[in-house]
Amino acid sequence: ETDKLYNLSFNYYQRYSTAGSSASLIQGSYLNIPLVYNFDEVLAVEFWMKVNNSSSTFLEIINWETNRVEYSLSINDNQILVLSSMNDELLSINPFFISENVWYHYNINFEKEKSELSFFCDEHEIARFKIQNNIEFDNLVFHFQNEKQRGEINLDQLRVINLNQTSSAINRNKNYIDYSDDSSSVILQLNFSDTELSNFLNRSEEHTSEF
């Protein structure tokens, strides 16, 4: 059971030499993170990301049971974040401009009681969806990808959090490695260190066909 919590698969990533321990996703590379976690009220996934190629889809949330992309996060030709859903009702949307080669903090919240999914960038809510098709949260996989022939996507400090209050705790802790909050707990944290890279390599050999 413990193995399932950290059963991550990836094609290729490397440490980004100029930014400490962030991950660099080059062309054709991806990182899959399954959301096989129990949570009480809100399951939050937060991470830092820098993109230096516009007009690309860099995150898909995939239902592994149906192999269908339920949600996608991309940057259009005007460098505006675009969020798409296969079936769910869009409750709100706020355009957000993304500059190339700039770090942004992302936070995605799955709210169990409301059956809503909200997307934040640098503490601004950019979209909110009403979940209509009875998605089982633990069937979802975060699929970070670099589909462009040129450029890199850099990913840093990814956390999965069992959140029992608003996103204010995440915002307070986003710049710190150690997460501190009495009413929520970190389920998974990735800082892309050398040790984590070695663990990924070992696990990828064991689970190459899971996703």
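The values are calculated or read from the model by the stated rules, or taken from the named source; none is laboratory data. What you are looking at is a predicted structure, and each value in this text was computed from that prediction instead of being measured. Surface areas here come from the heavy atoms of the whole protein model, side chains and all, with no ligands, DNA or RNA. Shrake-Rupley method; radii C 1.70, N 1.55, O 1.52, S 1.80 Å.
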* Structure fact -> Expressed in square angstrom to the nearest 10, the accessible area of Phe129 with a 1.4 Å probe stands at 10
* Rounded to a whole number, what % of the accessible area of region 53-105 do carbon and sulfur atoms account for, probe 1.4 Å? -> 47
* To do: May I ask you to rank Trp64, Trp103, Trp48 by accessible area, largest first, using a 1.4 Å probe over the protein chains only?
  => Trp64, Trp103, Trp48
* Structure fact -> Put Arg150, Arg68, Arg159, Arg128 in order of accessible area, largest first, probe 1.4 Å, and you get Arg150, Arg68, Arg128, Arg159
* Provide, in order from the shortest bin, the percent of all Cα-Cα pairs of region 34-81 in each 10 Å bin, continuing until the bin that contains the maximum pair distance. => 20, 41, 31, 8
* Structure fact -> For region 57-98, dividing by residue count, accessible area per residue (probe 1.4 Å) in Å² works out to 54
* With DNA, RNA and ligands ignored, accessible area of Glu60 (1.4 Å probe; Å², nearest 10) -> 40
* **In Å², nearest 10: area of Thr66 left accessible to a 1.4 Å probe** => 80
* If you rank Met49, Met86 by how much accessible surface each has, with a 1.4 Å probe, what is the order from largest down? -> Met86, Met49
